[in-house]
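Report on one structure; see the data block that follows.
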Amino acid sequence: MKRKDYISWDQYFMGIALLSAQRSKDDHTQVGACLVNDHNKILSVGYNGMPIGCNDDDMPWEREGEPLDTKYFYVCHAELNAILNYGGGSLDGARVYVTLFPCNECAKAIIQSGMKEVIYMQDKYADSDATMASKKMFDMAGVTYRQFQPKGQRIIIDL
Ligand SMILES: Nc1ccn([C@H]2C[C@H](O)[C@@H](COP(=O)(O)O)O2)c(=O)n1
Ligand SMILES: [Zn+2]
């Protein structure tokens, strides 16, 4: 008999974004992203982290203080990492599953790479200028966005 409680495509790809986020060294906000094409093939994944060659242990992870002593000038966002990690050519028409709504810088990269849909989990910075700018650009560029709707299905992965 065919199994009934298999996960949907949305659950599968958001699950992979959530798992990717667990690689982040940021103790305040861990973000994961998963890029998928219209055949439901995974193209790339990413999470927020320091650039290659910039040792995690030597970089600041603080949120406040002198700007150069905070993470914000340095950390590479999950969506940008996923885009840059993709070695296969065009991302035209792809969609991105991301655990936190994209900031304005990632929104620009998503638009410019030709992606057409954003599926996000959290929108905890919805009131920020960065998120409002992202939504304005997505609306103008015809990139649709929708919030992932959890079905309450729990999956325990024993690692
Ligand atoms: N869509 C996003 C938004 C944020 N990030 C990263 C950048 C930082 O590592 C962290 C945000 O830090 P917070 O101000 O919440 O302490 O999340 C991302 O990768 N993608
Ligand atoms: Zn970003």
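The values are calculated or read from the model by the stated rules, or taken from the named source; none is laboratory data. Just so you know, these numbers come straight off a predicted model, no measurement behind them. No Cβ is skipped: glycine too gets one built from the backbone with ideal geometry, and neighbour counts run over all protein chains shown. Accessible surface areas use protein heavy atoms only, side chains included; no ligands, DNA or RNA. Shrake-Rupley method; radii C 1.70, N 1.55, O 1.52, S 1.80 Å.
One table, with the values for the structure above:
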quantity: Label-point separation in nm, L159 to T144, each point 7 Å along Cα→Cβ; calculated: 3.3 nm
quantity: Tail weight of P(r) past 18 Å, computed on alpha-carbon pairs of the chain, percent; calculated: 60 percent
quantity: Square roots of five times the Cα gyration tensor eigenvalues for region 91-159, Å; calculated: 24, 15, 10
quantity: Tail weight of P(r) past 14 Å, computed on alpha-carbon pairs of region 40-93, percent; calculated: 59 percent
quantity: With 10 Å bins from 0: P(r) over region 58-132, alpha-carbon pairs, percent; calculated: 17, 45, 29, 9, 0
quantity: Share, in percent, of DSSP beta bridges within the chain that are antiparallel, nearest 5; calculated: 55 percent
quantity: The chain, relative contact order [Cα under 8 Å, separation at least 6], %; calculated: 19 percent
quantity: Accessible area per residue in Å² at 1.4 Å probe, computed on the chain; calculated: 63 Å²
quantity: Accessible carbon and sulfur surface of region 51-159 relative to its total accessible area, %, 1.4 Å; calculated: 52 percent
quantity: Whole-Hz couplings from phi, Karplus 6.51/-1.76/1.60, listed for region 119-124; x for Gly and Pro; calculated: 10, 10, 9, 9, 9, 6
quantity: Scaled radius of gyration (Cα, divided by 2.2 N^0.38 Å) that region 1-91 gives; calculated: 1.32
quantity: Residues of type lysines that K4 reaches as a straight line, Cα spacing below 24 Å, ignoring anything fewer than 8 places off in the same chain; calculated: K41, K151
quantity: Magnitude of the charge dipole, region 1-158, Cβ model with Lys/Arg +1 and Asp/Glu -1, debye to 20; calculated: 1020 debye
quantity: Those lysines that a straight Cα-Cα span of less than 18 Å connects to K25, excepting residues fewer than 8 apart in one chain; calculated: K71
